[in-house]
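Visitor: Handing you a structure now.
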Amino acid sequence: MANASNQTQGALAQAQIDANRASQLAGLQFQGAQGNQNAANQAGQFNAGQQNNFALTNSGYQQQTNLANQSAQNQFGLANMDAANAAGQFNAGQQNAMTQTNLGYQNQAAANNANAQNTASQFGANAANNASLFNAGAANTANQFNAGAANDFALQNAGFQQQTNLANAGAQNDALSQLLGIQGQSALDYANRADTAGRFGADAWNQSMSDFTGRTDAANQWNAAAANQGAQFNAGQQDNALARMLSGGQFLGNLGAQMSSDQRANLGLMADLGAQQREIDRQQRAAPLDLLQLQTQLFSGLPLGLFNGQTSNTNSTTTQSGSSMDWGAFSARVSRSSRALDRPQASSAVSGRAFPTRA
């Protein structure tokens with residue numbers, strides 16, 4: 001853009017310099033013609049023949065000078081038109097190249113954003129949504145910036161083109177006004193060439209603008225299609241993520257129900273084990289009483305009268321004799337008997353566990 005602007009300004013400056021030179025050259029020619037005319041008039045007063053010869057010579061010189069000036073002005077006008085056309089074509093080419101570059105960058109950025117969105121959507125719907133929103137904002141910002149830059153560039157080129165056309169038109173008008181008094185046919189030829197060059201420049205400008213408009217429309221359509229596809233893909237990924245979240249919630253609900261059922265079963269089993277433990281403890285606590293009752297029953301069946309002696313006579317004289325009993329030895333014997341009876345019932349098996357009984 002800077003090169004195009006510098007070239008356009010250089011072309012305008014060169015056109016202005018050439019126009020000033022042409023104007024000065026025309027003024028000098030006019031002054032020379034007046035001087036020659038005065039000299040011819042003075043010479044004619046002295047000698048008519050010399051005056052005619054001198055007038056013819058000056059007329060030939062003037063005609064050659066006018067033809068040379070006309071040719072130079074025509075070449076100058078053609079050079080200006082060629083420079084203007086070249087500048088317009090260069091600006092159009094630069095604008096088209098810049099537009100293509102911007103479109104390429106936008107397309108590459110859109111492709112990169114789509115790939116990043118696809119990758120992000122595989123790892124998490126939330127990250128994909130955040131990335132898509134960020135990319136959409138960045139894409140909109142980039143599109144707005146590119147559109148603003150393109151508009152500014154088009155406006156600057158249009159302004160430069162108008163200034164160039166105005167300068168060329170002014171130079172052409174000055175040249176035409178000078179040439180009209182010298183040679184009408186050359187002026188008409190120059191005007192025809194100027195019109196042809198102007199039409200050529202206008203056609204080139206219209207063609208470049210039409211091409212730029214077509215490329216812009218195609219790029220906007222492609223961007224709109226890419227944006228629609230990205231939005232559809234993001235919507236599908238979001239639906240999949242929501243379906244996965246719903247499935248995960250259902251799975252968690254099933255796990256919670258299963259855990260509650262397991263806890264209830266564990267509590268029931270602990271209650272059953274507690275009841276068994278209480279029954280074992282009750283039996284352990286009642287074992288001494290049961291043993292005492294068994295011992296009492298065993299003692300009640302013993303013939304205790306065998307350990308006492310009694311003698312009677314016929315004269316009714318009663319003599320009683322007996323022997324004392326060793327109750328300590330008796331108790332020791334009974335204890336040994338009890339222990340012998342308790343040995344087979346020393347332990348109880350409940351649920352595969354052995355619990356010792358109290359002695």
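Visitor: How far apart, in nm, are the 7 Å Cα→Cβ label points at N240 and R336?
Guide: 9.1 nm
Visitor: So for the pair T213, Q16, with labels modelled 7 Å out along Cα→Cβ, what separation do we get in nm?
Guide: Between T213 and Q16, the label points sit 3.3 nm apart.
Visitor: Then there's this: Give a residue-ordered list of calculated ³J(HN,Hα) values for the range 139-146 (Karplus: 6.51 cos²θ - 1.76 cosθ + 1.60, θ = phi - 60°; whole Hz; x for Gly, Pro).
Guide: 5, 5, 4, 5, 5, 5, 5, 5
Visitor: Quote the FRET efficiency, to the nearest 0.05, computed for L56 versus A202 with a Förster distance R0 of 30 Å and r equal to the Cβ-Cβ distance.
Guide: Once rounded, the FRET efficiency stands at 0.05.
Visitor: Which net charge results for the neighbourhood of A271, defined as the other residues with beta-carbon distances under 11 angstrom from its beta-carbon, given Lys and Arg at +1 and Asp and Glu at -1?
Guide: +1
Visitor: Pulled fully out, how much extra length does the chain show between A271 and L255, if you take 0.36 nm times their separation in residues and subtract their Cα-Cα distance?
Guide: Full extension from A271 to L255 adds 3.3 nm.
Visitor: Further question: Listed highest first by mean packing, meaning other Cβ atoms within 10 Å per residue, what order do 156-162, 253-259, 235-241 come in?
Guide: With the highest mean Cβ count within 10 Å placed first, the list reads 156-162, 235-241, 253-259.
Visitor: Between Q63 and Q42, what length comes free when the chain is fully extended (0.36 nm per residue of separation minus the Cα-Cα distance, one decimal in nm)?
Guide: The span from Q63 to Q42 would gain 5.4 nm if fully extended.
Visitor: Follow-up question, since we're still on this one. What is the spin-label model distance, in nm, from Q75 to F90 if the labels are put 7 Å beyond Cα along the C-beta direction?
Guide: Reported label-point gap for Q75 and F90 is 2.2 nm.
Visitor: Another question about this same structure. At 0.36 nm per residue, and after removing the present C-alpha to C-alpha distance, how many nm does the segment from F145 to Q229 gain when stretched out fully?
Guide: Contour length minus the Cα-Cα distance gives 27.9 nm.
No value in this document is a laboratory result; all are computed from the given coordinates. No experiment lies behind these values; they were computed from the predicted model shown. Quick reminder, even Gly has a Cβ in these numbers, built from the backbone with ideal geometry, and neighbours come from all protein chains shown.
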